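Below is one structure, written out as structure tokens; comments come after it.
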Amino acid sequence: MKKTLRMLSLALALALVAGAALSLGSCAKAAPKTAKIAMVVKSMGNPFFDACRDGAQEAAKELGGIEIIYQGPSTPTAEGQIEIIDSLIAQKVDGIIVSANDKDALIPITKKAMSKGIKVMSFDSAIAAGGRMVDLVPSETELIGKQQVQLISELIGAEGEVAILSATSQATNQNAWIEVMKKEFETNPAYAKMKLVATVYGDDLSDKSYREAMGLFESYPKLKGIISPTTVGVAAAGKAITDKKLIGKVQLVGLGLPSEMKFYVMNDACKQFALWNPVDLGYSATQITNALVKGKLKSAKDGTPVKAGEVVEAGRMGKITIGESGVAVMGNPFVFNKSNVEKYASIF
Amino acid sequence: MSGPSLGPAADGALVDESRLIRADLSPGKRLAALALKWESLLFLIFVAMMAANSLLSPVFLDPANLLDATFNFTEKAIIALPMIFVILCGDMDISVASIISISSLFMGMSSASGAGTTAIVLVGLGVGLAAGLFNGLLITRLDIPAVAVTIGTMSLFRGVSNAVLGDQAYTRYPASFGELGQGYAVAGLVPWQLLVFAALAAAAALVLNRTVFGRYVYAIGNNKTAARFSGVPVQDVRLAVFAATGLLSGLAAVLLTSRIGSTRPDIASGWEMDVITSVVLGGVAITGGKGNVGGVIIATFLLGYLRFGMGVMNVPGKVMNIITGALLIVAILLPRAIETLRRRALLGGRA
């Protein structure tokens, strides 16, 4: 023990001398001031997050004077992210953008970061309100629902019978979106000639969703379009339309993954669908963090959420308004079609 | 040595190898032999690593940063202490991270039902101790190999947390509870955790090197049968060692839960391997009977600061794992090479 202690103190002394010499050296060459913004994701090697990083780098290039540090643990754990944030605090970065593995476990460490003047925001997967200044969500109920009706209306010329193929009948997200869609069908004059004839549930199972789509073709021979706001449902409906040789007769839109939908986009079964785009997400998050770092948000105090109503100029994404308890909504989901689906299919 | 007199068969097993060096050797040769000791080599690696990190990153060598970085490995270091005893006995405990999980689960439950900080801590320690005793009783009373038992309890303990919590979490802990794992002592610089570890490390070194119990542990690791025939209460010692591992895993659970303020079923996942890595890198033979506390302390700081250094240089986590893995392989190979060299050095002295 004693020997070990002696050795440890000797090592520290040696290291201190080395470090002192070094810091003297590094003081001499004053580097131009670049803001360091770190993006901490759930885990490394996930193409979704790699796309977020690409968006962050795009924003950094546009804004200038920003260095992006892209980090994440090798396994998706809160402890791994805490370790990374610790090393980011040590590096004195200016801003940290986190997709959290645990909305609560990161609070102590992000609070510590904020107490040292580092601006912290979350995106994709939130940190609870006490541990970040802004949380960026990709979209919101109202926008998603309205956009889906808009997309199908474009494909069928705003005229004819439309059905919804959802996940389970209790799915909270889908039900909220469907409520918005129903209101659009009923109240928006632009859609007066469209009629919502049925809402069916495929329970997010491929085979059941496929059968429900087939059932719709039987029950509603005049059916013009299907909206499927679930990734499983929209892919199954694409297959049903293809198999039943209804391409061109029944149009399909929904919320889908480019990798799963590429085939149906290219064969015209589903000419367009939507989902949040990770590149936009990384781009917007970086724009917001830059605004925080540069002090462009008046109510941005360390450790508290930015007040509702503040607006961030987010480059090509336009204005992003901060809402209640610092939650910001990026905007409409991104629309995928023949022109871009192949590019994104390799990402997610 | 103050233990009972032991038979000649066990005597050989009870000699600390490090003491062999000092016997009838000239100072020069003693120094040479010391230099070839694993702890010394590990220490040199540690110094080289610290120097390299300091040269490569301007922020590495900041006392506040270095002290803060210990938060990320102190809990593992605390479990590494009893793990030294486990592995010295020739056993293995891979359930430690799962003990953290189940202990944290019960702490979350008690906090949710309104318990105060003291009660929560006692629950955490109690559940850890109970889990360790459960392991120890299965291993010693039913005579099942430790690896087999702890593979089972690894799944069992974490399974309970998974079943109870699912995708939920306990996140409401009293503010004073948070202080335990996040707080600082000594001018607001030294984490409490680190002081707890220092005290426990001193205690572990004392027990291992200065008590009969410590001698028993070495005896068991060198030759279980011989130890038993020499009157060493083999099963009781092993039971105590597993119970202590459970208790200190419970303590680690208290500190970790306090530090992150949240209990999720996947808490501390994969930590058992990190703990075993530092013990093995610290020079404790996986076959048992050889090794000491000092080497493991150096190894813990070596691994911790290596990761921190790579962290401040933004080395991706996967690359860190490769480097850590490589270190472990070296740790298994090098002692054998050193052993050969040392024997040659000792023999060379007589030739």
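Readers should treat all values here as calculations from the given coordinates under stated rules, not as data from a laboratory. Predicted, not measured: the structure shown is a model, and the values here were computed from it. Note that each Cβ is placed from the backbone with ideal geometry, even for glycine, and that neighbours are counted across all protein chains shown.
Worth pointing out:
- Taking the C-alpha atoms of segment B:118-195, convex hull volume expressed per residue in Å³: 140
- Förster radius 41 Å - calculated FRET efficiency between B:Arg210 and B:Ala185, Cβ distance, rounded to 0.05: 0.90
- Pairwise Lys count, chain B - Cα closer than 23 Å, eight or more residues apart or different chains: 6
- Tensor-based shape of segment B:98-229 (alpha-carbon gyration tensor, a/c under 1.5 rounded, otherwise prolate or oblate): oblate
- For chain A, the spread of Cα positions along each principal axis, largest first, Å: 85, 45, 35
- Candidate lysines - alpha carbon under 17 Å from A:Lys61, same-chain residues fewer than 8 apart omitted: A:Lys33, A:Lys36, A:Lys294
- When the alpha carbon coordinates of segment A:141-275 are projected onto the principal axes, the ranges are 34, 29, 27 Å, largest first.
- Three semi-axes describe the equivalent ellipsoid of segment A:250-348; taken as square roots of 5 times the Cα gyration tensor eigenvalues and ordered largest first, they are 35, 12, 10 Å.
- Nonlocal amide H pairs with A:Met330, under 5 Å, H built at 1.01 Å: A:Val137, A:Ser139
- All Cα pairs of segment A:46-186, percent lying beyond 19 Å: 63
- Values of log10 I(q)/I(0) for segment B:31-131 across q = 0.21 Å⁻¹ run -1.09, by the Debye formula with one identical scatterer at each alpha carbon and no solvent.
- Sorting B:Thr140, B:Thr300, B:Thr340, B:Thr153 from the fewest to the most surrounding beta carbons within 10 angstrom yields B:Thr340, B:Thr140, B:Thr153, B:Thr300.
- Cα-centred dipole magnitude for the protein assembly as shown, charges only on beta-carbon of K, R (+1) and D, E (-1), debye, nearest 20: 1780
- As a proxy for reagent exposure, ranking A:Val279, B:Val284 by other Cβ atoms within 10 Å from fewest up yields A:Val279, B:Val284.
- Antiparallel %, DSSP beta bridges [both residues in the protein assembly as shown], to 5: 20
- Of all aspartates and glutamates in the structure, those lying under 20 Å Cα to Cα from A:Lys111, and not within fewer than 8 positions of it along the same chain, are A:Glu79, A:Glu83, A:Asp86, A:Asp94, A:Asp102, A:Asp124, A:Asp135, A:Asp302, A:Glu324, B:Asp68, B:Glu179.
- Counting only other chain Cβ atoms within 10 Å of each residue's Cβ, the peptide B:307-315 averages 4.
- Dipole-positive endmost among A:Ala198, A:Phe217, A:Thr141 within segment A:141-275 (Cβ charges, Cα centre): A:Phe217
- Rg/Rh for the protein assembly as shown, where both radii come from Cα atoms and Rh is the Kirkwood radius: 1.07
- For segment A:191-330, share of DSSP beta bridges that run antiparallel, in % to the nearest 5: 40
- Average beta carbon contacts from partner chains per residue of B:296-302, 10 Å cutoff: 2
- Largest-first principal axis extents of the Cα set of segment B:218-351 (Å): 57, 39, 19
- DSSP finds beta bridges in chain A, and of those with both partners inside it, around 15 percent are antiparallel.
- Cα centre as origin, Lys/Arg/Asp/Glu Cβ charges: chain B dipole, Debye: 920
- Remark: segment B:51-63, residue by residue, has Karplus-estimated 3J(HN,Hα) of 5, 4, 4, 5, 6, 7, 10, x, 9, 4, 8, 10, x Hz, where x stands for each Gly or Pro and the curve is 6.51 cos²θ - 1.76 cosθ + 1.60 at θ = phi - 60°.
- A P(r) calculated from all alpha carbon pairs of chain B, with 10 Å bins opening at zero, reads 5, 23, 31, 25, 12, 3, 0, 0 percent.
- The lysines within cross-link reach of A:Lys195, meaning a Cα-to-Cα straight distance under 17 Å and a gap of 8 or more places when in the same chain, are A:Lys146, A:Lys182, A:Lys183, A:Lys222, A:Lys224, A:Lys249.
- Neighbouring partner chain Cβ atoms per residue of A:80-90, average, 10 Å criterion: 6
- Computed magnitude of the charge dipole of segment B:125-276 (debye, nearest 20; Cβ of K, R +1, Cβ of D, E -1): 360
- Residues B:Leu328, B:Leu251, sorted so that the one with the fewest Cβ neighbours within 10 Å comes first: B:Leu328, B:Leu251
- Computed E for B:Leu333/B:Arg141 - FRET, C-beta separation, R0 30 angstrom, nearest 0.05: 0.20
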